[in-house]
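The next block holds one structure in the form of structure tokens; read it before the comments.
The values are calculated or read from the model by the stated rules, or taken from the named source; none is laboratory data. Please read these numbers as outputs of a predicted model, since none were measured by experiment. Ideal geometry is used to build each Cβ from the backbone, glycine not excepted, and the neighbour counts take in all protein chains shown. Just so you know, the surface numbers come from the protein's heavy atoms only, side chains and all, with ligands and any DNA or RNA stripped out. Shrake-Rupley method; radii C 1.70, N 1.55, O 1.52, S 1.80 Å.
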Amino acid sequence: MSVPAHPPTYAVVVPVKPPARGKSRLVGIADGAREELAAAFALDTVTACLAAERVGAVLVATDDARFSAALAATGAPCIPDGDSSDLNATLRQTAAEAHRRWPSMRPVALCADLPALDPADLDAALASPVLAGGVAGFVADAAGIGTTLYSASWEAFDPRYGEGSRRAHLDAGAVEVTGPLTTLRRDVDDLPDLQAAAALGVGGHTRRVLDRLGLF
């Protein structure tokens, strides 16, 4: 598989649930604290994306107008989530808008719950022979069941997020990106996930919330 002489530039699309409805599996944490953590995860994820060398733009889809202002302050514009009941439809719509704004960039879908994301891990995935070679590809989560990142050309962009998404992406013909990519795989759904992310080193927004809550 040939790799382009000049690395491509990517437009990352990030779907963000309104924090008040996010992270319901963080049991044992009060509702207000869960909302703070969900917001912090998204802010740290977007901030890390913007710091990656191969990312040219980030576009967030969210229906939370108040939170969108905080996200936009990081440098990532926001658009409304057109179909919050269907994550993949949201991603396709957001990618289409990203294509309209930045037609020369390749789309990348990324989960918003990667508070430990290191921009170097994101760059490593985007520079992998799979993605740099132009085929549809994805990064599985730490459990090896879900997906944290998916990319394809504009014409072939067809994410399959949801239960068992790693297998769904493979069945659809996407190629798995291998390698450690530890912080890119470390999404957070529950408290053990959060503890594992904290051990890797989370971003500033999440760290401040954890310190205030006396966690990890």
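Details
- The sole residue among 68, 24, 85 that is in a helix (DSSP H, G or I) and modelled with pLDDT under 95 is 68.
- Beta carbons closer than 6 Å, at least 6 apart along the sequence or on distinct chains, pair a first residue in the range 22-35 that is over 12 Å from residue 193 (Cα atoms) with a second that is open to solvent by 60 Å² or more (accessible area, probe 1.4 Å) and among the aliphatic types (A, V, I, L, M) for 33/213; 35/20.
- Residue 58 fulfils the conditions (1) open to solvent by less than 20 Å² (accessible area, probe 1.4 Å); (2) at pLDDT below 95 except for a single criterion, (2).
- When 173, 162 are checked against the criterion of being at positive phi, under 17 Å from the mean Cα position of the chain (by Cα) and in a loop (DSSP other than H, G, I, E, B), 162 stands alone in meeting it.
- So residue 165, is it within 22 Å of residue 11 (Cβ to Cβ) and touching a strand residue (DSSP E or B) at 6+ places or on another chain (Cβ under 6 Å): yes
- Scanning the range 136-163 for residues that are crowded, with 16+ Cβ neighbours inside 10 Å and of a type in the set (D, E, K, R) gives 141, 158, 160.
Let's see how each residue does on (1) over 18 Å from residue 49 (Cβ atoms); (2) not charged (D, E, K, R):
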| position | (1), (2) |
| --- | --- |
| 112 | no, yes |
| 130 | yes, yes |
| 151 | no, yes |
| 167 | yes, no |
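- Residue 11 vs. criteria under 28 Å from residue 130 (Cβ atoms), under 15 Å from the mean Cα position of the chain (by Cα) and either assigned to a loop (DSSP other than H, G, I, E, B) or without any contact (Cβ under 8 Å) to a residue 12 or more places away in the chain (or both): no
- Test: residue 104 is small (Gly, Ala, Ser), open to solvent by 40 Å² or more (accessible area, probe 1.4 Å) and more than 18 Å from residue 16 (Cβ to Cβ): yes
- Close pairs (8 angstrom Cβ cut-off, 6 or more residues apart or separate chains): farther than 11 Å from residue 202 by Cα and open to solvent by 10 Å² or more (accessible area, probe 1.4 Å) in the range 36-55, aliphatic (A, V, I, L, M) and not in a helix (DSSP H, G or I) anywhere: 50/58; 50/76; 54/127; 55/11; 55/12; 55/108
- The range 177-216 - residue that is outside any helix (DSSP H, G or I) and of a type in the set (D, E, K, R) and, of those, farthest from residue 25 (Cα to Cα): 186
- Check on residue 100, more than 21 Å from residue 188 (Cα to Cα) and at pLDDT below 95: no
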